[in-house]
């Protein structure tokens with residue numbers, strides 16, 4: 001978090017083995033940060049970036065868009081401010097309203113306006129156009145990186161590579177199963193001390209794995225490979241996918257090059273809904 005950054009911490013990170021820093025900036029406007037219930041200020045956001053850029057080349061930030069208070073001019077200003085720091089990676093997420101949160105309650109009571117999908121789409125289009133103009137590759141729906149600066153960690157998730165999570169709440173994936181550790185710190189430490197694995201294990205069916213591949217693949221520039229579907233899940237899955245994907249190819253929301261299906265520019269904003277329509281369900 002920007003309010004956690006200090007010159008001493010940055011120096012300690014730089015002198016150690018840290019080679020990439022991620023800052024949860026969210027916005028460079030105080031009123032927006034207050035709306036999102038963030039602890040830091042716009043000044044702290046800029047100051048934290050200044051500090052880390054003195055020592056680190058590989059820096060990424062998070063930005064939030066898609067809420068009514070964010071005008072197009074303010075959103076463009078946020079992007080221009082981010083670009084002015086010369087960072088090589090930006091993650092940008094549309095605001096979501098989760099049940100039983102303060103924001104959900106405020107919207108329900110009419111204290112703040114609800115989310116506007118048309119405005120969110122306009123924010124998304126401005127985001128992609130401006131960052132691509134600045135030399136960023138839109139390699140995942142919410143992620144933009146200069147060549148050589150894609151997130152290796154997240155790319156492993158999106159391309160289905162196995163990963164091991166260590167610590168409370170950490171998730172692991174083997175390719176055929178996923179597991180997650182207990183969230184409570186005390187319970188986690190106690191279980192480890194007793195030489196027990198404090199985790200819940202879920203075995204994934206072929207249907208589960210297929211659906212996850214569709215969801216993650218369509219969100220990236222690497223897309224979904226029809227031959228990979230056949231090799232991983234069988235020819236019946238490939239035929240199912242080809243049947244389901246046909247209307248989206250005809251409407252040009254998705255594109256086909258060789259055996260790779262990717263989201264077109266007009267389909268990117270809708271890609272999660274499109275992926276859900278391609279799922280295999282009971």
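Label point of residue 117 set 7 angstrom out along Cα-Cβ; within region 258-282, amide nitrogens under 20 Å from it belong to 263-279.
If the chain linking residue 266 and residue 221 were pulled fully straight, counting 0.36 nm for each residue of separation and taking away their Cα-Cα distance, it would gain 14.8 nm. Measuring nothing but how far apart in sequence close Cα pairs (under 8 Å, 6+ apart) lie, relative to its length, region 2-150 scores a relative contact order of 23 percent.
Fully extending the segment from residue 133 to residue 174 would add 11.0 nm, taking 0.36 nm per residue of separation and subtracting the current Cα-Cα distance.
Calculated [222 nm] ellipticity per residue, helices only, for the chain: -13500 deg cm²/dmol; basis is -39500 (n - 2.57) per DSSP H run with n ≥ 4, divided by all residues, nearest 500. Kirkwood radius for region 207-278, taken over all pairs of different Cα atoms as the inverse mean of 1/r, rounds to 11.8 Å. Looking at region 2-150 alone, DSSP beta bridges between its own residues are antiparallel in about 35 percent of cases.
Normalised by the number of residues in the chain, the average gap of Cα pairs under 8 Å and 6 or more apart makes the relative contact order 11 percent. For the pair residue 125 and residue 47, the difference between a 0.36 nm per residue extended length and the Cα-Cα distance amounts to 25.2 nm.
With R₀ set to 45 Å, the beta-carbon distance separating residue 230 from residue 11 gives a calculated FRET efficiency near 0.30. Once you have all Cα-Cα distances for the chain, histogram them in 5 Å bins from zero and send the whole-percent values. Percent of Cα pairs in each bin: 1, 5, 10, 12, 14, 15, 15, 13, 8, 4, 1, 0. Provide the FRET efficiency to the nearest 0.05 for the residue 184-residue 69 pair, computing r from the beta carbons and using R0 = 35 Å. Taking R0 as 35 Å, the efficiency between residue 184 and residue 69 is 0.45.
Taking the DSSP bridge list for the chain and keeping only pairs wholly inside it, about 70 percent are antiparallel.
Would region 2-150 count as rounded, prolate or oblate if I go by the C-alpha gyration tensor, calling it rounded below 1.5 in a/c and otherwise prolate when a/b exceeds b/c, oblate otherwise? Oblate, because a/c is 1.5 or more while a/b does not exceed b/c. The modelled label-to-label distance between residue 191 and residue 281, using points 7 Å beyond Cα along the C-beta direction, is 3.2 nm.
None of the figures in this text is laboratory data; all of them are computed from the coordinates on show. Owing to the predicted nature of the structure, the values given are computational and were not obtained by experimental measurement. All Cβ positions, glycine included, derive from the backbone under ideal geometry; neighbour counts span all protein chains shown.
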